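The structure appears below as structure tokens.
The values are calculated or read from the model by the stated rules, or taken from the named source; none is laboratory data. Computed from a predicted structure; not experimentally measured. Here Cβ is always computed from backbone atoms with ideal geometry, including for glycine, and neighbour counts include all displayed protein chains.
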Amino acid sequence: MKKLLKTALPIALLLAVLVTAFAVGASAKTVDNTVYYGVYATTPPTIDGEIDEVWNDAPEMAFGNASNGYIKVMWDGTTAQGTLYLLAVVNGCEEVDFVISAQFHSNTSAPWSWGGNYGFNINANTDSKAAGYVAKTKADFLTRTSQNAIIKAKATETGFVAEVAFTLTADRAQGFTHGGFYGIGAFVNGDYTIAENSVGMDIDNIKDSSGYIYGIYLHGKVLPATGEKERSCADCGKELPARHSAEAVWVKTDDENHHLYYPCCETSEADVPHEWSAEKIIDKAATCTEAGEDSFHCAKCGARKEVRTLDALGHEFSETYTEDKAATCTEAGEESRHCSRCDETTGAREIPALGHEYSTDFTVVKEPDCVNTGYQTHKCIRCDEGLEGVDIPAKGHDMVETERKDPDCVNKGYEPSHCQREGCDKGWIPALGHDFAEDYTVDKQPTCTKAGSASHHCSRCNATDGQIEVAPRGHIPGDWIIDVPVTNVKGQTTDGKRHRDCKVCGATIGRSGIHYGVREEIEPDIDGNIDAVWADAPELWFGNSEYGYIKVMSCGNALYLLAVINGCEQVDLIVSTLFYNSVGDKTWTWPGNYGLNIKVDTDSSAEGYVATTTASFLTADQAAQNAIVKARATENGFVAEVKLPLSGRYAAGCKLGGMFGIGAFVNSEYTEASTVGFDVANMKTASGYIYATYMGCPHKNLKPETAKCTGTTCADCNKVNENATDLTKHAKSPVWKTDETDPGKCYLYYPCCGLKEEAVEHEWNEKKTDDKKATCTEAGEKSTHCKHCGASKGDTEAVEPLGHNWSESYTVDKAATCTEKGSESHHCTRCGIGGEGSREIDALDHDWSDVYSIDKAPTCAENGSMSYHCKRCDATKDAVELTALGHEFAEKFTVDSEADCEHDGAKSRHCLRDGCDAVKDTEVLPKLGHDFAEDYTLDKAATCTESGSESRHCSRCDAVTDTRELPALGHDIGDWEVVKEATCKAAGTRHKTCSRCWMESETETIPALPHTASDEWIVDKEAAPGVAGKRHHVCMVCGQSFDEEEIPALPAEEETAAPAPDNGESKNRYAVVGCKGSLSATVGTVGVLLLPFALIACGKRRKEKDPE
């Protein structure tokens, strides 16, 4: 009965959960409105990927993992259609998807069907205005997206910011006017099935037809669940009309009255008369050509009365002339009389052209060279016009006599006699150009796991062209090598271990129990990206290589771990911080180890991060809290990087070379397929059974059995002879370096293996080259350099400053504006500095538009304004006030809040103008009262020890009545059940339990069973003449020995007894081979049973008497 209950109850609970889940599945989930809501956009945000100030009013709705960022929602109902505005701030993720229900509802109980919804997939580069943009979505439960959404994203240091404007049609936008819920959600990394990736979504049921997207409340005037009118100010929480959080404003009611209006909760006080100004105030100033206006103003609401027209002023022209266009050398100018009040002019007249004024000094137009004449002329001091000039004689060649120098592929040569003037080709021989071979030459030999490269080589120099990749050779497996042989001790077989090494590189292909890390001088950045420094570390693959691999390196006093994970949600890294200098028979005990569980979004720098481990053989406090961890999602899984700082003796292995215990497993499983670096059969034992990972060798050359560095062979190119000069054998091209011990020499250095060739004397260039280039204002330096390593000979000489080379044309230093003058000057063509011959640029004056621009649109309660705008700047003039529109109330009533069981509702007439929420003629809708059911509903089930309860429930709300108690059931104690069977070696136990709650009521011991003795004695030692023997009985069930007794000694031998006659019993007796003395067993039922114990006894005697 008890076993049946243990099986049935979990199934019943599971069915109850499923029934409950399907029962609520027909509607969208109700959520806390203080978290999921949007706000009205007083000013629409600019969709440019920048976070405008208007977004500050909208609350942040964070993703399940807050480090992934958040979204915000705003709406704008001033247009006929209505617009949703969405903001996503995304960190450490490559993409975000918005999902929007275009429908709206007055409460959260209504469902959103996916057929009426839209989705948008956005990354850091998304721009809906870019050529070729096509909207898309990664929500596979949607059938469409919308091409009319305006989207712009912009990258940030940690991710990107995205803004969306989505315009809804009139029937979809009713929620903006009446208040309602929209289904709005988002998810990152293209995966909505992970709670940490989503916001506003029920990920367990997201694909169901009912949608399961949470309601986001827009509007701000009704309560989220019932639509009931709020009874207190939404911003300040005070009972109306108590203190308000927003400052009240005066609003015009009509020509006689105005009232105070509170924006925070949209309530108004009683009308009072206007407070008019004592004198008229100018509303629009009269200009030269247009009339103005003045009127009496209300000091509080700004209303006007008795508006009067002011006559135009007419122009007032100056007596003196103002230059409108300056005269030049060849063109006439213009001047006129200007009005002192406006830009009108009169009496325009011409200013004669100035004519050229030539300088007395020559200006060089073209410099002469060795064979061509130059040219110079007198130029006008105001413009570039010049008189007919004169030639400058050619300079002639500046010949020198030296040894001939042959040209090479890129540098010109010269004859023994050649011109040394710069730019002259006299006596110079053109460069030959490269002569690339048609066949490819290998530049970097491929290894078993790394690609090499090849290119076309020039036959004359070291230049290459058309580099291609040479594929890795792949491992060539050798024979199997036995690490631990199979053993069989006393019939117990223990598996052995073996591995295979690659014949080429020696890498272990099968399991060897030894893995390798590398030591580097540059540490990787812990940012979830695979830096180039990781290329030197070998890949240690999981048993199932599709799961990915790990890499290990050391740098300074820290271990660095890289995990590339595919198709798995998590990885656990296990590290033994102890180290040994050989594998030997050392073991790593789990108490000295650390574990670290990592998922796709793990970031140790995130707020609230706590290191954990899922390794059952480690304790919780063995999670590496001091580790620096960062993971980043990939298309197939994620990449994780870890830095584990080590201190004291634990860091010695990083510097001196040693063996660390390092392993990993995915998906919290310890199988051959899901692990790397573990002996999965024994990994939970105290000794650990984590395989050794060798660290610290700078050469990367290791002998697998001893983990000792060989030191003489290049790991990349297999070069053995350290004095060899065949450069083609090296994986990386050599570089020249100055000898640190003898600066007068330099040597070839091979980065692939650190080999240094014998140092040679510097080979100096013939000409000096720059150590420091001269500038316009600072002197430079030059000296003779080695053509190999670039070392300086030390014969440094100064190079004079070049001086400024001023341009002939002017460059604008400061642009002229409507009201401020600009400036321009000649700039240096080398360094860009300006200021030579600086002159002013006249201010441009305003360029006024011919039509008015709306500065502020009038609303029902507030006046607007318009003015003329300058086309170049933000200046305005002649502002005109636009009178407030007044309210336009609907004839039909709108329900503001529904009545429920205990609260009255309300309805009123609403203003029809966009953006206005004013109401009038508010009426009460009477409360409904409770509707209690006749039948009772179980509220709390009774248990064995606690009473329950039931009551009558209201069909409309959560109210209950007539609650009554259900008595406790009491325990139902069953029969005795055996917990542990008794044997002849140990007692057993049994107990009684309650069939409902399994409470244990009685427990008692079952006595141990008696031994079942063998019928025959087992002889331990045969009696001999003068020497007693020994014998004992054996339990036929458990094999335990007992009843041990002595066998009397035989009488002394006086004569040899005749052999016993063969009566047929010899056929039923067996001698035990290998025993000293006589031991036999009679064959029969008992004899067959006792033979194994005889063998055991024989083995004991042999071990004691014959240990060899």
* Can you pull out the strands (runs of 3 or more DSSP E) entirely within region 284-375 that have at least 3 residues that are at pLDDT 90 or above? -> 292-297, 304-310, 322-325, 333-338, 345-351
* To do: Mind listing whichever residues of region 519-553 are in a strand (DSSP E or B) and at negative phi?
  => ARG519, LEU540, TRP541, TYR549, ILE550, LYS551, VAL552, MET553
* **Top-ranked residue in region 755-790 [being among the small types (Gly, Ala, Ser) and modelled with pLDDT of 90 or more; ranked as surrounded by the most Cβ atoms within 10 Å (Cβ to Cβ)]** => SER783
* Asked: HIS788 is checked against (1) without any contact (Cβ under 8 Å) to a residue 24 or more places away in the chain; (2) assigned to a loop (DSSP other than H, G, I, E, B) and fails just one. What number does that condition carry?
  -> (1)
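Quick grid of which residues meet (1) within 49 Å of the chain's Cα centre (by Cα); (2) closer than 17 Å to CYS916 by Cα:
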| residue | (1), (2) |
| --- | --- |
| ILE854 | yes, no |
| TYR868 | no, no |
| ALA879 | no, no |
| THR883 | no, yes |
| PHE889 | no, yes |
| PHE893 | no, yes |
| SER897 | yes, no |
* To do: Report, by residue number, each residue of region 517-535 that is within 16 Å of the chain's Cα centre (by Cα) and either basic (Lys, Arg) or over 11 Å from MET553 (Cβ atoms) (or both).
  => ASP525, ILE526, ASP527, GLY528, ASN529, ILE530
* Structure fact -> The number of residues in region 284-322 that are surrounded by fewer than 17 Cβ atoms within 10 Å (Cβ to Cβ), within 60 Å of the chain's Cα centre (by Cα) and without any contact (Cβ under 8 Å) to a residue 60 or more places away in the chain is 2
* Using the structure shown, decide if ARG952 is modelled with pLDDT of 90 or more, surrounded by 13 or more Cβ atoms within 10 Å (Cβ to Cβ) and among the basic types (Lys, Arg). => yes
* Asked: Condition test on ARG500, is it at pLDDT below 70, charged (D, E, K, R) and more than 23 Å from the chain's Cα centre (by Cα)?
  -> yes
* Is there a residue being in contact with a Leu (Cβ under 7 Å, 6 or more places away or on another chain) and among the acidic types (Asp, Glu) anywhere in region 1008-1019? -> yes
* **Residue match in region 126-145 (condition: at pLDDT below 85 and within 24 Å of PRO44 (Cβ to Cβ))** => yes
* So is ASN372 exposed (fewer than 15 other Cβ atoms within 10 Å of the Cβ), without any contact (Cβ under 8 Å) to a residue 60 or more places away in the chain, farther than 28 Å from GLU766 by Cα and polar (S, T, N, Q) or not? -> yes
* Test for ILE381: is it in contact with a Pro (Cβ under 8 Å, 6 or more places away or on another chain), at pLDDT below 90 and on the phi < 0 side of the Ramachandran plot -> no
* State which residue pairs qualify: first residue within 14 Å of THR819 (Cβ to Cβ) and inside region 834-861, second residue among the aliphatic types (A, V, I, L, M) and not in a strand (DSSP E or B) in any location, beta carbons under 6 Å apart, and separation of 6 or more residues or different chains. => ILE841/ALA816; ALA843/ALA816; LEU844/ALA816; HIS846/ALA875
* Asked: Scanning for something surrounded by 18 or more Cβ atoms within 10 Å (Cβ to Cβ), within 27 Å of ASP621 (Cα to Cα), among the small types (Gly, Ala, Ser) and at pLDDT below 85, does region 569-585 turn up at least one residue?
  -> yes
* Asked: Within region 146-162, how many residues are among the polar types (S, T, N, Q) and under 26 Å from the mean Cα position of the chain (by Cα)?
  -> 2
* Asked: From SER512, SER554, which residue is among the hydroxyl-bearing types (Ser, Thr, Tyr), crowded, with 19+ Cβ neighbours inside 10 Å and at pLDDT 65 or above?
  -> SER554
* Provide a single number: the residues in region 1007-1038 that are surrounded by fewer than 16 Cβ atoms within 10 Å (Cβ to Cβ) and more than 30 Å from ALA1049 (Cβ to Cβ). => 6
* Residue under evaluation ASN597, criteria (1) modelled with pLDDT of 90 or more; (2) buried (at least 19 other Cβ atoms within 10 Å of the Cβ), criterion not met -> (2)
* Asked: Looking at GLY211, is it in a loop (DSSP other than H, G, I, E, B), at pLDDT below 85 and of a type outside the set (S, T, N, Q)?
  -> yes
